[in-house]
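Trainee: What follows is a structure written as structure tokens; I'll ask about it next.
A short reminder: the numbers here are calculations on the coordinates, not readings from a lab. These numbers come from a predicted model, not from an experiment. Reconstructed Cβ throughout: ideal geometry from the backbone, glycine too, with neighbour counts over all protein chains shown.
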Amino acid sequence: MSSARSPFEQLRDRFNETDLECSACGYIDADGSWRVSTTGSRVTYQFMCPTCDAVETREMRL
Ligand SMILES: [Zn+2]
């Protein structure tokens with residue numbers, strides 16, 4: 001049971017449910033997950049495309 005889930009974890013889970021689609025080549029990584037890093041009040045999600053090495057970046061404010 002993980003009842004004490006932080007907003008950050010919920011945000012991450014929501015992100016992991018979205019498709020990882022490379023905007024450069026259109027590759028969709030169904031099994032991949034975003035790499036999450038935080039800087040202050042910002043959360044940066046990154047996904048490196050395994051086929052073309054492009055990096056998708058999303059940024060959110062907590
Ligand atoms: Zn790609």
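Trainee: For a test of the definition: using alpha carbon positions, the gyration tensor, and the 1.5 limit on a/c, classify the chain as rounded, prolate or oblate.
Mentor: Judged from the Cα gyration tensor, the chain comes out oblate (a/c at least 1.5, b/c at or above a/b).
Trainee: Which ordering of Asp31, Asp53 is given by a fewest-first count of other beta-carbon atoms within 10 Å?
Mentor: Asp31, Asp53
Trainee: What percent does the relative contact order of the chain come to when contacts are Cα pairs within less than 8 Å and at least six residues apart?
Mentor: 24
Trainee: Okay, moving on. Subtracting the Cα-Cα distance from 0.36 nm times the residue separation, let me have the gained length for Arg58 to Asp19 in nm, one decimal.
Mentor: Length gained between Arg58 and Asp19: 12.8 nm.
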